[in-house]
Each structure stands twice: as structure tokens, then as C-alpha cells.
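Asker: One structure, pasted below without further comment.
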Amino acid sequence: MRKITLHIATSPHVVKGASTETIMKNVIYALLPAAAFGVYAFGISALLVLLTTTISAVAIEHFLCKISKKESTVSDYSAAITGLLLGMCLPPDFPLWMAFMGSAISIGLGKFIFGGLGYNVFNPALVGRAFLQATFPVPITTWYQAFGPDRFYHISSSVLALPFMQPAVDGVSGATPLSAFKFDHVDTQTYDLAMGFINGSIGETGTVFLILGGIYLAWRKMLNWRIPVSIFITVFVFSGAAYLINNTAYPSPVFTLFSGGLMLGAIYMATDMVASPITSMGVWVYGAIIGILVVMIRLWGGLPEGVMYAILLANAISPHIDNLIRPRVYGTTNKLKLS
Amino acid sequence: MSVINQNKSEKGFLSSIADHPSTDEFIKGVWRENPVFVQVLGMCPSLAVSNSAKNALAMGLATAFVLLMSNILISLLRDFIPKQVRIASYILIIATFVTVIDYAMQAISIELHKSLGAFIALIVVNCIILSRAEAFASKNTVGKSILDALGMGIGFTFALLCIGGVREILGSGSFLGFEFMPDSFEKWVIMVLPAGGFFTLAFLLLIFNSFKIKNNRA
């Protein structure tokens, strides 16, 4: 006799199979073209940095789960994304031992200490990046020239620096468009910026690929499109106003939009599902805060780039945004009360 | 404690010292009730002046001196100080000894005094000293108070030296001013910045607590 199994479930009966795993996998797919462009532009050293951060992030997550006797959460791909994102916001010739340390801080301090995925207050990759920026300020701001002729068969010696030792300086160091503008007042062609013919972090120069990946994720509804759009609008309006007031001291809004890690940060890091607000209105405010902070740090701060600190600060504010902006309870005029 | 007392008869001379109640008064401050790692008191100096082992050691010893002297005096005067004005009296006694150590440190090394800055004067409001005065010296005999102050003072110095040592080794590649790392050592700039103090303290607290949890389980 055939056995009939009867499934009893409450609505909704049509479920979409969007698990953490599928979303994270798709984020990786969206990131890969930009990462590949970074490897193409900066060569084998960049590939080594990306591999180191990704593999070590996964390994450290597994190790930490093991020693705290939890089930390993490696299979949800979130550690791999953290590692990949961290690698993409590092300079192409970054010493591997420092990159490894960044991964350890990202996973250990940015994520695991708070209780793992879903509990992290800040974007883990940016926690690691901020730690590296404060710890090794010189290596993390040393940029080598992109599209070097021997980039595919010459591994930069600074990448292979011994653990705890200073990286050797070799190759031609070049400025990023942002630092060139800030310190030497050299403007970069918008075409070069958009097409990635510039120096910079591994993953931030492939602007076109970053945007295409973002559109793909937004189309699959795996990314809250309001966050990047809100950031772009705020940055454009705010830096445009500054440019109108004084167009010699301040860069054009198009330059501000396409330079540095703004695309990478706005599309892939600010949209961290855990560290960003929940409501649509809150998300607009969150994006606007990031945009204003980015422009303020870039125009008036000591550092040429401020996307990282802007996102980290906005992550810190996002629970308060959720607290202040609450949705109306459906069918009533009352605001939602948090217990 | 009960476990220690049960095993008392089976052990020799050393363990009888170790189990003596007055030894316990001393040991508790160093380890079991360490002011920084267990009571989490005196965070201000332990974060602010622990950027090098030398500063940490000087700060720890200065605090230990003030703690010892004030504990002695408060314990001696414990029957004379009226309950209503006890905190004010304690602060007055502590401030006296802080002034002593302030001038003494200027005489010994003006350089060290400068690098510690306002934190010497701020020993007056160090919670460890006030808490030992209030919780221990005002209720116990002079002998016990001395042991308590020595234990807590050494415990505080030990904790500061741990934090300062880690920060100096990683942040400057040296220990107590002695540079032993190779020249090409990449210094961790964050460790001499205030953020490094928080990181180091949190990391050491993590280690201490994991020890404690393991001991409680066993």
C-alpha cells in the first residue's frame, strides 16, 4: 500500500527558496567580475591578496566555531564574502601576513565576538579594514602603479614580506585619484575613473562591474537598492553644492561619485543586511548619513578617502534609526512599539 | 576555599603557608580578585598610561604606594572617623599620599612625571583605593589591611604591566625601553593609540575569564 504523507502548514504556501546560502552565493557571483578586473589590472599580487583573505576568513571562521564547540557556519558563504570584500578594499601589493591578520580581525572581532552572522553590529570586512588602517597606516596607503607590464609573472616583494616584518618597497608607487586630488590637486579624467584605468584598491577600480553586479543583486531582490541610491543622491547633491560654491578647491560631483571605494562601499558594504536599518524610510536616512559623512571626510578631513569610516559610523547609528523611525501598524494609526 | 581546607592536612609546610588566611588576604588581590582583570576597577589609568611598560610600571607602583599608606592610616583611624564624613576623610588621606608620590616622582624622574601627566594627580579618585578603604581597611585590622593593600597593589601593577607590555612590544617593538625586535619589525601603530588599550584590555579579560570558566568547571 502506498503511504500518503499529508503536509500541514500555515500560509504562505508558496515559498521562495532564498536562504542565507543562496543570497550569499549570489553576492559572491556579483562580486567576482569586479574582483577579476582587479586581478587583470593589478596582476598576480592582487590575486594572492584576494585568495589569502578569502581562504583565511573561511578557515578562521571554521576554527573559531570548532573551539567554541558550535556547528561550523562556513557553509553559508558569509565568511567567504567577508574575506573577499576585505581583500577587495586592500591595496594590490598589501603584505599577505597583514591581509591574514585583517581577516582574523574581521571574523573574530567583527563577527564572532558579537555572536556570529546576524548579530554583527558593524560590517565585518570594514572592521578588519579599519583595524589594518589604524595598525599599518603606511602599507595600506602604498599604491603601486596599475597595469604594470610584468604584473602577471612578477610577484611584488612587498606581498611576500615575512610575518611581522616591514614590506620592502619595490616598483613604482602611484597615487590614487583621490589622494592625487587631495594632496597634489591633480584631476583625473572621468572616463579613466569609470573604466578603471586608475590606481586604487583591488576591487574598487572596476566601477562598471561593481554597478552591474549591484543591478543584478537588486533585480534578484537580494540587496536593498534604496541604500546605494540614497548614498549616490546625497553624495552627488552635497558635493555638487560644494563644487558650485568653489570649483577650484573641491572636486566635481562626478569625480566624487566614481572615485575611491564609494561604489564598492555603497553597493556591497553599506547594504550589509544585519548592520543596516530595517524600514524603508530608515534606510533612506541611513544612506543619506553615509553620503554626507563621505563627502565631509573627503572634502574637509585629513584622509583622502572616507567611505570606510562613514559606513562604520552609520552602522553604529542604524539601531537608533530603527528606534526613531517606526512603521505604522497596519490598519491602525499607531506606531509600532518595540517591546 | 572549602576544597583547599580539606586538603590541608595532607600537604607540607609550603601549602600550610599557602592556606594560611593572611596569605589568602594577599593572594586574593593578586589573582582571584585582581582589581583590573576581575573587579574591572581603575580602568582610567589602566587604559590611559599603559602605552609603554615603563609608564605602566611607574603608575602601578605609585598607586600601590598610595594604596598601602592610605590603607594603613584608614585602618588605624577606623574607630575615630565618623560614619557620615568617612568618604571625605578617606579622600583627604588619599590625597595627602598622592601629593607625596607626586613630589617624589618629580624628584626621581621629571621625564617620567611628565609622561604620566595628570594621571598621577588622578590617583586620588582611583576606585581601587577608595573601594579598598571603604570595603576593607575601615573594617579590618592594620595587619590585614597591609596585606590587602600589598596584594591589590601588586595585582594592579601586574595587570598594568601585562597591558603595557603587550602594547609596548607590539606598538614599539621594545620592552621597558629595551629594543629587542629586529629593525625591520613592522610596528603596530594602533597599539600605542588609545584604541590599542581597549583592544589589549579586552583581549586579556577574555583570556582571564576563559581561565576562570575552565577552573569553575573543573
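The values are calculated or read from the model by the stated rules, or taken from the named source; none is laboratory data. Because the structure is a prediction, the values reported are computed rather than measured. Note: ideal-geometry Cβ built from the backbone for every residue, glycine included; neighbour counts use all protein chains shown. When the accessible area is computed, the model is the full protein with side chains, heavy atoms only, and any ligands, DNA or RNA have been set aside. Shrake-Rupley method; radii C 1.70, N 1.55, O 1.52, S 1.80 Å.
Asker: Only residues that are under 19 Å from residue A:230 (Cβ atoms) and open to solvent by less than 10 Å² (accessible area, probe 1.4 Å): list them for the stretch A:244-258, please.
Answerer: A:256
Asker: For the stretch B:69-92, what are the residues that are of a type outside the set (Asp, Glu) and part of a loop (DSSP other than H, G, I, E, B)?
Answerer: B:77, B:78, B:80, B:81, B:82
Asker: Taking residue B:55, is it touching a Gly at 6+ places or on another chain (Cβ under 7 Å) and in a helix (DSSP H, G or I)?
Answerer: Yes; evaluated as a whole, the condition is true for this residue.
Asker: Please tell me if residue B:193 is at the interface with chain A (Cβ under 9 Å from one of its Cβ atoms) and either open to solvent by 40 Å² or more (accessible area, probe 1.4 Å) or not aromatic (Phe, Trp, Tyr) (or both).
Answerer: So residue B:193 passes the test.
Asker: Here's a follow-up. Please work out if residue A:38 is modelled with pLDDT under 90, surrounded by 13 or more Cβ atoms within 10 Å (Cβ to Cβ) and under 30 Å from residue A:262 (Cβ atoms).
Answerer: no
Asker: Which of (1) loosely packed, with under 15 Cβ neighbours inside 10 Å; (2) of a type outside the set (A, V, I, L, M); (3) touching a residue at least 12 places away in the same chain (Cβ under 8 Å); (4) out of contact with any helix residue (DSSP H, G or I) (no Cβ under 8 Å at 6 or more places or on another chain) is the odd one out, the single condition residue A:152 does not satisfy?
Answerer: All conditions pass for residue A:152, except number (4).
Asker: Exactly one of (1) exposed (fewer than 15 other Cβ atoms within 10 Å of the Cβ); (2) assigned to a helix (DSSP H, G or I); (3) small (Gly, Ala, Ser) is unmet by residue A:282. Its number?
Answerer: All conditions are met except number (1).
Asker: Which residue pairs have Cβ atoms closer than 7 Å, lie 6 or more positions apart in sequence or on different chains, and pair a first residue in the stretch A:123-136 that is more than 9 Å from chain B (Cβ to nearest Cβ) with a second residue that is open to solvent by 10 Å² or more (accessible area, probe 1.4 Å) and among the charged types (D, E, K, R)?
Answerer: From residues that are more than 9 Å from chain B (Cβ to nearest Cβ), the pairs are A:123/A:272.
Asker: Continuing with the same structure: Can you name the residue in the stretch A:137-149 that is surrounded by fewer than 18 Cβ atoms within 10 Å (Cβ to Cβ) and more than 14 Å from every other protein chain (Cβ to nearest Cβ) and, of all such residues, is nearest to residue B:186 (Cα to Cα)?
Answerer: Ranking the qualifying residues of the stretch A:137-149, first place goes to A:145.
Asker: Something else about it: Can you name the condition, by its number, that residue A:328 falls short on among (1) over 16 Å from residue A:232 (Cα atoms); (2) touching a residue at least 24 places away in the same chain (Cβ under 8 Å)?
Answerer: Residue A:328 satisfies all of (1) over 16 Å from residue A:232 (Cα atoms); (2) touching a residue at least 24 places away in the same chain (Cβ under 8 Å) except (2).
Asker: So which pairs qualify, if the first residue must be in the stretch B:53-71 and under 13 Å from residue B:155 (Cα atoms), the second must be among the charged types (D, E, K, R), the Cβ gap must be under 7 Å, and the two must be at least 6 apart or on different chains?
Answerer: B:67/B:132
Asker: Name the residue that is most open to solvent (accessible area, probe 1.4 Å), counting only residues in the stretch A:161-180 that are outside any loop (DSSP other than H, G, I, E, B) and touching a Phe, Trp or Tyr at 6+ places or on another chain (Cβ under 7 Å).
Answerer: Only one residue tops the list, namely A:173.
Asker: Which number in (1) open to solvent by 10 Å² or more (accessible area, probe 1.4 Å); (2) within 16 Å of residue A:274 (Cα to Cα); (3) in a loop (DSSP other than H, G, I, E, B) marks the one condition that residue A:120 misses?
Answerer: The single condition residue A:120 does not satisfy is (1).
Asker: Looking at B:129, B:101, B:81 in this structure, which one is among the aliphatic types (A, V, I, L, M), under 28 Å from residue B:178 (Cβ atoms) and either open to solvent by less than 70 Å² (accessible area, probe 1.4 Å) or modelled with pLDDT of 90 or more (or both)?
Answerer: Selected residue: B:101, the only one of B:129, B:101, B:81 that is among the aliphatic types (A, V, I, L, M), under 28 Å from residue B:178 (Cβ atoms) and either open to solvent by less than 70 Å² (accessible area, probe 1.4 Å) or modelled with pLDDT of 90 or more (or both).
Asker: Any idea which of (1) open to solvent by 60 Å² or more (accessible area, probe 1.4 Å); (2) over 13 Å from the mean Cα position of the chain (by Cα) is the one residue B:44 doesn't satisfy?
Answerer: (2)
Asker: Residues to consider are A:169, A:186; find the one that is at pLDDT below 85 and within 14 Å of chain B (Cβ to nearest Cβ).
Answerer: Criteria check complete, one pass: A:169.
Asker: Moving to a separate point now. In the stretch B:169-186, is there at least one residue being free of Cβ contacts under 8 Å to residues at least 24 places away in the same chain, within 14 Å of another protein chain (Cβ to nearest Cβ) and among the charged types (D, E, K, R)?
Answerer: Taking every residue of the stretch B:169-186 in turn, at least one turns out to be free of Cβ contacts under 8 Å to residues at least 24 places away in the same chain, within 14 Å of another protein chain (Cβ to nearest Cβ) and among the charged types (D, E, K, R).
Asker: Quick one: which of A:268, A:309 is in contact (Cβ under 8 Å) with a residue 60 or more places away in the chain, in contact with a helix residue (DSSP H, G or I) (Cβ under 9 Å, 6 or more places away or on another chain) and closer than 19 Å to residue A:133 by Cα?
Answerer: A:309
Asker: While we're on this one: Of the conditions (1) under 17 Å from the mean Cα position of the chain (by Cα); (2) open to solvent by less than 70 Å² (accessible area, probe 1.4 Å); (3) of a type outside the set (S, T, N, Q), residue A:32 clears all except one; give me its number.
Answerer: (2)
Asker: So which of A:78, A:106, A:158, A:68 is out of contact with any strand residue (DSSP E or B) (no Cβ under 6 Å at 6 or more places or on another chain), open to solvent by less than 10 Å² (accessible area, probe 1.4 Å) and within 13 Å of another protein chain (Cβ to nearest Cβ)?
Answerer: A:158
Asker: Hey, can you tell me all the residues within the stretch A:290-307 that are aliphatic (A, V, I, L, M) and not in a helix (DSSP H, G or I)?
Answerer: A:303
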